[in-house]
Amino acid sequence: MKTKTILLTTSTIAVIALTACSGSGNSEKYKPVNYCPTVGFEFHPFDAPEISETLKEHYLRVINEARSVARDCGEYGHFEAAPPLKWSKALYRAAYEHSYDMANTGYFSHKGSGTEFDWTFQVGEIEPTYYEDGSESRERVENNGYISGVEENIGLMNNRTPEHVVQRWLDSPGHCKAIMSYELQYMGMAKVKEPYDVKRDGWLGDYWTIDLGYQSDFDENGTYIGEGSDSCIPPTEE
């Protein structure tokens, strides 16, 4: 059986929260869907499939077991054991959206493909950045209702368990740092297998994405818990 593994990591730090919550810049990008007046932001979440409680707990267990042990992350140094993370529906939606985009286009990058499968790019009226059109991890998590800094790891593998995927991330210094950051509070993780007509080199890849969130003004259900309002509720999966 053929097996392949490709990994990438990126970080977007907490200055994002300042930009989004200020109501400047981002408030003009998104069409009026589920507007949150407290943060001056509009949400247009991806319609990710419901994740089973069993799979959600599996993902949480693997990541939290990894964080429960002190470890060295190569050039990023030593990390002490970190507190367990909680599940975020918003981060799950963002992770699934990006895995779905990559799987359906064969475009493996933290940047969205800019095609019809790049949901946030399609609904967000995002201006072109870098050298290609497409959503950024920051924009995807914001559009799905998580307003804070995030770390994102992605992987392209086939027929691998969550334990194997996470271990490969831990073996890579940048991915290890993203998982072990002490200040993280929430996570969402997803896998999407590419369709047969997109398969590369005769094998069907599993596209993995994990989005790891720093402190947010929204709880795991997407309810606003920051200062100034107790009634601003971005969309949930009710």
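Quick notes on this structure:
- Ordering of 56-64, 140-148 by packing [mean C-beta count within 10 Å, highest first]: 140-148, 56-64
- Protection-proxy order for peptides 150-163, 81-94, each taking the mean of Cβ atoms within 10 Å per residue, highest first: 81-94, 150-163
- At an R0 of 41 angstrom, the distance between the Cβ atoms of Asn64 and Leu204 translates into a FRET efficiency of 0.90.
- Efficiency of FRET from Cβ geometry, Thr161 and Asp72, R₀ 22 Å, rounded to 0.05: 0.40
- D by Stokes-Einstein for the range 66-123, Kirkwood Rh over Cα pairs, 25 °C, 0.890 mPa s: 177 µm²/s.
- Accessible surface of the range 43-103, 1.4 Å probe: 51 percent of it comes from carbon and sulfur atoms.
The values are calculated or read from the model by the stated rules, or taken from the named source; none is laboratory data. Just so you know, these numbers come straight off a predicted model, no measurement behind them. Cβ: placed from backbone, ideal geometry, glycine included. Neighbour counts: every protein chain shown. Note: accessible area is taken over every heavy atom of the protein model, side chains too, but ligands, DNA and RNA are not part of it. Shrake-Rupley method; radii C 1.70, N 1.55, O 1.52, S 1.80 Å.
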